[in-house]
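What follows draws every value from the coordinates through simple rules; no lab data is involved. Predicted model only: the values in this text are computed from it and were never measured. So basically every Cβ, Gly included, is an ideal-geometry build from the backbone, and we count neighbours across all protein chains shown.
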Amino acid sequence: MIFECNLLSLADPDRGRFRSLLLKALQNFLMDSRDRCNAEKRGGRKEFVPWNDWMAEAPSQFSASVRELRDSPAEKIFDLRWAATVTEQALRRLADECGNAGRRRMFSVLSKYLTSDRSDVSYSTLSVSLGVPESSVKRLLHHLRARYRIFLREEVSQTVENAEDVDDEIRYLCAVLATSGL
């Protein structure tokens, strides 16, 4: 490196000994080498998780096929992930509330029908499954849906700046979930 960098042309007997020049060159070389070894790449010691791994790892009842993820624009995937996260947080809060009230089993049976059309719900089957009258199933499901809407509204309100934007954001959330086919 001394010859390649033409360090010898910088040697000046008036500025000191040649031995001092070599010593300083060696010290600089060693410090530069140490700095290169300790240098961190952009991002430092952060561990980056590839997008596909994050999507696969994130616990979600909503899932999209690999083909759909590959063929969809990033904005659509982001919106879908946002909608799924917000709805799942509301669902998790409802599950916690039911669990704290000692109604975890009721929640696990009825939660599948929170967003179903009433015509798609077999109240008689749910009545047998829960061991309660049909009228109780209707009342319980109505109550769960109401609480779910409240929690969903609260979760969405945390994502907007103005309270008057909540209704528009909920409509957008529903549209994202409806167009995703989930």
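Values computed for the structure shown
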quantity: Inter-site label distance for Ala178 and Ala163 at 7 Å from Cα along Cβ, in nm; calculated: 2.7
quantity: Rg ratio (alpha-carbon, reference 2.2 N^0.38 Å) - segment 51-180; calculated: 1.18
quantity: In order through segment 153-163: 3J(HN,Hα) via Karplus (6.51 cos²θ - 1.76 cosθ + 1.60), integer Hz, x for Gly, Pro; calculated: 4, 5, 5, 5, 4, 6, 9, 10, 7, 10, 4
quantity: 3J(HN,Hα) from dihedral phi, segment 106-114, Karplus parametrisation 6.51/-1.76/1.60, rounded to Hz, x for glycine, proline; calculated: 4, 4, 4, 7, 8, 4, 5, 10, 4
quantity: Amide H contacts under 5 Å for Val160, placed H, 5+ residues apart; calculated: none
quantity: Order of Ser127, Ser9 - criterion: other Cβ atoms within 10 Å of each residue's Cβ, fewest first; calculated: Ser9, Ser127
quantity: Projected label distance in nm at Lys138 and Arg92, using a 7 Å step from Cα toward the beta-carbon; calculated: 3.5
quantity: Relative intensity, log₁₀ I(q)/I(0), of segment 96-147 from a Debye sum that treats every alpha carbon as a point, q = 0.13, 0.18 Å⁻¹; calculated: -0.26, -0.51
quantity: Full-extension gain in nm, Asp35 to Thr125, via 0.36 nm per residue minus C-alpha separation; calculated: 25.4 nm
